[in-house]
Amino acid sequence: MHLDHSRPFSMLTIQIGSDPYVGMLYVRRIHYGILRMGDVLCTLDAEGQKVGEGKVKKIFARKGLERIEKDAAGAGEIVSVAGVKNAGMLVQMEGWDEEGPKPLP
């Protein structure tokens, strides 16, 4: 897979967790772009319909069993994201660009 940091952010939820301080955590590999703290994301279902949105409150990566907080993450990284609503299993998260969110192929 080509790691493209220039395209708008996109990732697909593969696991759901929770944290007593930040709430739901959505685990996924970033397909395209860069995710930063404070980014506003929308969630899309399998048909490409918007099902939720939210502002990124926390980004976590893993180093072994240790969870590491990050300010940003890019294409190819596996991260946990907090702050987005309705991002269930196999729901795509998208950043905004001039054309709006687009579902993964």
*Per residue, what volume in Å³ does the Cα convex hull of segment 1-78 take up?*
110
_Spin-label model distance (nm) - GLU66 vs ASN86, 7 Å beyond Cα toward Cβ_ = 3.9
*Would you mind working out the accessible area per residue for segment 14-78, using a 1.4 Å probe, and quoting it in Å²?*
59
_Charge-dipole axis of segment 1-89 as Lys and Arg at +1 and Asp and Glu at -1 on Cβ define it, positive-most pick from GLN15, ALA46, ILE59_ = ILE59
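With an 8 Å cut-off on Cα pairs and a minimum separation of 6 or more residues, tell me the relative contact order of segment 32-72 in percent.
In percent, rounded to a whole number, it is 36.
The values are calculated or read from the model by the stated rules, or taken from the named source; none is laboratory data. All values reported here derive from a predicted model rather than from experimental measurement. When we count neighbours, we look across all protein chains shown, and the Cβ atoms used for this are built from the backbone with ideal geometry, even at glycine. Areas reflect the complete protein model, heavy atoms only, side chains present, ligands, DNA and RNA absent. Shrake-Rupley method; radii C 1.70, N 1.55, O 1.52, S 1.80 Å.
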